[in-house]
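Read the structure below first, then the notes.
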Amino acid sequence: MDTNLLVICGLTFVIHLIGTLAYAARIAGIRTGHIATALTLFNVLVLISRTSNSFQAPFLAKRIEVSLADSIAPLFADFQWILGSAALATAVGALLVPTAQRALSRAVALLQVHRSMFRLVCHGMHPRRLLMLRRYLTLPSRGNIRAMQTRGGLSWNFIALNVVAVALWTVGVFAALYAGALEPQFRVTCSNLSAIINGLATIIMFLVLDPQLSLMTDDAARQRVGQGQFRAAVTSLVGARLAGVLLAQLLLVPAAMLIARVARWM
């Protein structure tokens, strides 16, 4: 693995790690009773994710351009490494959800005191407090893992839709870029056709999945649903996210071929 690919994999790792930790923000919001504040704090991490995404795209585009000038044969392996780093990040994120939930819960309490994001960041950047982060480190409990058997009341169809949506969302942009390598004469067209794949994922996420998860979060906040059941649901969704990222590796070539065919047809 060369330096360029290592940088791309590192940026991909950051993006998917933060995406997985989004579930910790919901748990922290339920635990503290300040859902909006917890999500606001999580947006700080989202800024890091979006910055990583901004750098990832040109690095990957440059790598494809170099491959077109030489040989695209190794490009498939490159994408497998990139998707593999996404899967690794999701797995690490799943292990860090309890840790992130505890840290965010503490940050919510501090924000209620300092009433300023800038002051909170300055407070947290003190070297002594950075060392204190170690006390938040914890692994998922066996109870949470066993709770996946009940899925927190979520149906198998809902879990399966999550797997499909995450897989399509993960592979969409990569498939478009890979399609451009397969059809160099249409690579600009292909790079703008990721919506063919991502569009379906967006519909599933924002019309079916997110409303149900938001309703469950509100129910947990109002104690209509127990926190244990909510944690079980979140654990199941994290597992579905990991399965979706793994599935994305299998969808890369079919999705790229579909985009290339559409580009030729247009």
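The values are calculated or read from the model by the stated rules, or taken from the named source; none is laboratory data. The structure displayed is predicted, hence computed values, not measured ones. When we count neighbours, we look across all protein chains shown, and the Cβ atoms used for this are built from the backbone with ideal geometry, even at glycine. Each accessible area value is taken on the protein alone, full model and side chains, heavy atoms only, with ligands, DNA and RNA left out. Shrake-Rupley method; radii C 1.70, N 1.55, O 1.52, S 1.80 Å.
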Selected from V171, S85, V262, residue furthest toward positive end of dipole (the chain; charges at beta carbon): S85
For the chain, accessible area per residue (1.4 Å probe, heavy atoms of protein chains only), Å²: 53 Å²
Helix 156-182 axis, angle to the chain major axis (alpha carbon atoms, nearest 10°): 40 degrees
Percent carbon-and-sulfur accessible area, region 220-266, ignoring ligands, DNA and RNA, probe 1.4 Å: 58 percent
Contact order relative to length of the chain, as percent, for alpha carbon pairs under 8 angstrom and 6 or more apart: 25 percent
Peptide ranges 5-15, 221-231 listed from the most packed, as the mean C-beta count within 10 angstrom indicates: 5-15, 221-231
Of every Cα-Cα pair in region 8-47, the percent that sits beyond 14 Å: 46 percent
Folded to 0 to 90 degrees: helix 195-204 orientation relative to the chain principal axis, Cα: 30 degrees
5 angstrom amide H check on V225, placed H, neighbours 5+ away: A220
Rounded Å value of the spacing that divides the Cα centres of region 240-266 and region 181-235: 17 Å
Rounded if a/c under 1.5, otherwise prolate or oblate - region 154-266, Cα gyration tensor axes: prolate
Between helix 210-221 and the chain: long-axis angle, C-alpha atoms, 0 to 90°, nearest 10: 10 degrees
Ranked packing of 53-60, 175-182, 39-46, 77-84, most packed first, by mean Cβ within 10 Å: 175-182, 77-84, 39-46, 53-60
Shape of region 215-266, Cα gyration tensor, a/c cut at 1.5: oblate
